[in-house]
1. Can you give me the number of residues within the range 272-294 that are surrounded by 10 or more Cβ atoms within 10 Å (Cβ to Cβ) and farther than 12 Å from GLY322 by Cβ?
2. Taking the condition of being modelled with pLDDT under 75, hydrophobic (A, V, I, L, M, F, W, C) and exposed (fewer than 10 other Cβ atoms within 10 Å of the Cβ), how many residues in the range 308-364 meet it?
3. Which of the following residues is part of a strand (DSSP E or B), surrounded by 13 or more Cβ atoms within 10 Å (Cβ to Cβ) and of a type in the set (Gly, Ala, Ser): ALA135, ALA145?
4. State all residues of the range 214-253 that are under 26 Å from ALA187 (Cα atoms), modelled with pLDDT of 85 or more and among the small types (Gly, Ala, Ser); if no residue qualifies, say none.
5. Can you name the residue in the range 111-132 that is over 30 Å from ASN184 (Cα atoms) and part of a helix (DSSP H, G or I) and is also farthest from the chain's Cα centre (by Cα) among such residues?
6. When only residues in the range 69-101 that are assigned to a loop (DSSP other than H, G, I, E, B) and open to solvent by less than 70 Å² (accessible area, probe 1.4 Å) count, which is modelled with the lowest pLDDT?
7. Out of (1) open to solvent by 90 Å² or more (accessible area, probe 1.4 Å); (2) modelled with pLDDT of 85 or more; (3) basic (Lys, Arg), what's the single condition that is false for ARG256?
8. From the set of residues in the range 259-271 that are part of a strand (DSSP E or B) and not aliphatic (A, V, I, L, M), which is most open to solvent (accessible area, probe 1.4 Å)?
Amino acid sequence: MEFLRKIVLIWQKVSPVQRALLVGVLVTAALVGALLIHWASAPDMRMLYQDLPPAEAAKITEKVSQKGIAYELRDGGTTVYVPKERVYQLRLDLAKDGLPAGEQNGYKLFDAEKIGVSPFVQNVNLKRALEDELAKSLQTIDGVAHARVHIVHPEQKLFASPEEQPTASVILRLKPGYRLAPTNIAAIVHFVSRSVKGLKSENVTVIDSEGRLLSGSSDPALATGAGTVHDYRERVEQNLARKAEDMLSTVLGPGRATVRVSAVVDMNSVNTITETYDPTAKVATKEEITSNSQTDAGGSGQKTPTGVTKRDETTVTEYQVGKTVRQQTVLPGAIKSLSVAAFVDLTADANAPAPGGSPALIMQVAEVEQIIRMALGLREDDSLKVVNARFHRAAEPGLEQEPADWSRYLALARHLSLGIMAVCALIVLRTFHRARPRAPAGELPPGAGPGGLLSAGESIAEPVLVRRQIAQALRQNPDQVRQMFLSWIQEKE
């Protein structure tokens, strides 16, 4: 009761503004204290499973609830969080119960197959199992978050048309920031076509979760894996960049060089035929010889003065000028020009600075430029830019990110917050305990000496109250005050 009476007296002495401030401080302290207590007592929640289907999440939370363990649902109910110390044990217990089972059962469909199933149901289950197995295999590709495969077999009939062939459709949901290259799409098409009997590559259609057609019958180049002009240029650029990065990584170390190449490729096919004529190189193509003869036999006819036979011969020869024919075919794919940009980290050791004050370098930037030019066969008109910069090296990610340092700091903060609250409570209690009720105006506190003054030797608890009492005593009885001071002086002497 004494404590409450002191509080009431203090409340009566303060002004309305001070009362409002005091109430606001008390309410704020109560709210902050409640939040700190709730935060300090809350367990450290860690992720148990993520990206769960609603059915799987319901089964997992039911099992966790049966064990009496608190859990949280995040990301729209697809992610389950449990206390940190129970994560691994819960994963083992749920795995023993076959959770999470996943949407794609695959060939597990035949584990619970009953006896006496009709051939039609067996064929349907076989197709479902094959689709699930293909989808699970596609999800192992880097960048593919989820995949679904649909296979359509033509109905087996006695007089079916031989043109009817199996077809397949693949739906891919990619991870954020990933994009499949044309070669990856061609690989998916070939993988699916080779996994289904009678399925051809041109009958496989690949689309993504946004509805974009990645490959289909309208794109035979991708269906056969031949690629496009863009694909060829991309492969050339990646090959050249990898060649330069491998050479630099041998000296600088892995992850300390990044090279990007932009190539201008000539994709025109040229067929040239050249004919060269040489007038000095004559070749006889045709020769004709005509022969005429006459003989004196005593008959009519022309007689020669000598009486012998006369013979005439004529030779006709045709010549053709020499000609050289040369045919040259230039295939597409020639590199016309290259532009190379590279970031390299040439710092040898950050703790061993050079005499000039800057970190020591393994080699100079000019040497790196010369190495890249020689490795890629750059011409003088090709552009090259090399920049030396310190690379950001993140910590190696493990199987699961465990913020060990932060968890320790958070635990320490929880304990400190509770300790600070306890200290604040003690200070408040101590303050109210030391408070003294003030006497109304015109009255002296109990134990005061004559004339309203404190007796000699009594401890002065509140200097302000003492000054008020002395001023009041001086106004009422100045002689008694003077005697009191004289007695105090005599006692001190």
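The values are calculated or read from the model by the stated rules, or taken from the named source; none is laboratory data. All figures in this text were calculated on a predicted structure; none of them were measured in a lab. FYI the Cβ positions are ideal-geometry reconstructions off the backbone, even for glycines, and counts take in every protein chain you see. Protein only, heavy atoms only, side chains kept; ligands, DNA and RNA dropped before computing areas. Shrake-Rupley method; radii C 1.70, N 1.55, O 1.52, S 1.80 Å.
1. The number of residues fulfilling the criteria is 2.
2. 2
3. The conditions single out ALA145.
4. ALA241
5. Going through the range 111-132, the residues over 30 Å from ASN184 (Cα atoms) turn out to be 111-123.
Of the ones still in play, those that are also part of a helix (DSSP H, G or I) are 119-123.
Details: PRO119: 47, PHE120: 45, VAL121: 43, GLN122: 42, ASN123: 41 Å.
Here the answer is PRO119.
6. Taking the range 69-101 and keeping what is assigned to a loop (DSSP other than H, G, I, E, B), we get 69-71, 75-78, 97-101.
In the following step, the residues that additionally are open to solvent by less than 70 Å² (accessible area, probe 1.4 Å) were identified as 69-70, 77-78, 98-101.
Values: ILE69: 87, ALA70: 87, GLY77: 83, THR78: 84, GLY98: 79, LEU99: 80, PRO100: 79, ALA101: 73.
Among residues in the range 69-101 that are assigned to a loop (DSSP other than H, G, I, E, B) and open to solvent by less than 70 Å² (accessible area, probe 1.4 Å), the one modelled with the lowest pLDDT is ALA101.
7. Unmet condition: (1).
8. Step by step, filter the range 259-271, then rank; the result is ARG260.
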